[in-house]
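The values are calculated or read from the model by the stated rules, or taken from the named source; none is laboratory data. Every value quoted in this text rests on a predicted model; they were computed, and no experiment measured them. For neighbour counting, all protein chains shown are included, and Cβ atoms are generated from backbone atoms with ideal geometry for every residue, glycine included. Quick note on the areas: whole protein, heavy atoms, side chains included, nothing else; ligands and nucleic acids left out. Shrake-Rupley method; radii C 1.70, N 1.55, O 1.52, S 1.80 Å.
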Amino acid sequence: EGCTVRGVCEMRIVLSNPVAKRVAQDKIASAPDGYVCEIKEPPRNLNQNALLHAVIASIADQKQWAGEYLDPEAWKRLLTAAWCRATQQGAKIVPAIDGYGFDVIYRRTSTLSKKECAELLDFVTAWAIDNNIKLSAREAA
């Protein structure tokens with residue numbers, strides 16, 4: 001149960017009710033020594049992801065930055081890096097591995113928890129409104 005063809009065993013239990021919590025307790029109690037149990041916040045959901053990308057697409061369609069229109073991926077990187085700085089997570093600026101210039105290493109949105117994605121979405125939406133981006137009623141909600 002939960003083992004891959006390479007013999008790696010993994011299990012994911014969403015702690016959504018008392019029965020699920022008891023199952024998790026039983027699995028932990030019977031796990032071999034050395035196994036790892038990780039408890040973390042729920043990941044972002046598909047609705048959050050879709051809404052985030054819709055707001056970013058609206059920004060990309062309507063706003064120039066440094067004299068040009070950027071694609072949604074570039075805007076996502078800029079906005080995520082700004083949110084990281086605003087929340088004291090920081091985005092790292094490091095020398096490029098080829099020796100030409102610098103690169104920004106920022107938080108990937110795919111690793112965000114549900115709570116973090118909600119915070120990023122609030123940040124991006126507020127930035128859009130502050131910069132006169134026209135959002136749909138759903139995006140602005």
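Among the chymotrypsin sites (Phe, Trp or Tyr not before Pro) within the stretch 47-108, those in coil by DSSP and having at most 13 neighbouring Cβ atoms inside 10 Å are Tyr100.
A 1.4 Å probe run over the protein chains yields, for the chain, 73 Å² of accessible area per residue, whole-number rounding.
Take the chain, mark every one of the trypsin sites (Lys or Arg not before Pro) that falls in a DSSP loop and has at most 12 other Cβ within 10 Å, then report the longest stretch left between them, sites excluded.
Details: sites that count: Arg6, Arg12, Lys40, Arg108, Lys134.
So the longest stretch without any such site is 41-107.
Remark on Asp103: its backbone amide H falls under 5 Å from those of Val94, Ala96, a criterion applied only to residues 5 or more positions apart or on other chains, H modelled at 1.01 Å from N. Going by amide H atoms built from the backbone, whose H comes under 5 Å of the H on Trp65, apart from near neighbours? For Trp65, the qualifying residues are Leu70. With the helix formula -39500 (n - 2.57) applied to DSSP H stretches of n ≥ 4, the chain reaches a computed 222 nm mean residue ellipticity of -15000 deg cm²/dmol. Projecting label points 7 angstrom from Cα along Cα→Cβ for Lys115 and Gln62 puts them 3.1 nm apart.
Just how many pairs of Lys in the chain have C-alpha atoms closer than 15 Å, counting pairs that are eight or more places apart or on different chains?
Values: Lys21/Lys40; Lys40/Lys114; Lys40/Lys115; Lys63/Lys76; Lys63/Lys134.
Qualifying lysine pairs in the chain: 5.
For the chain, taking the reciprocal of the average inverse distance between every pair of different Cα atoms yields a Kirkwood hydrodynamic radius of 18.2 Å. Only the Cβ atoms of Lys and Arg (+1) and of Asp and Glu (-1) were treated as charged; on that basis the dipole of the chain about its Cα centre amounts to roughly 320 debye.
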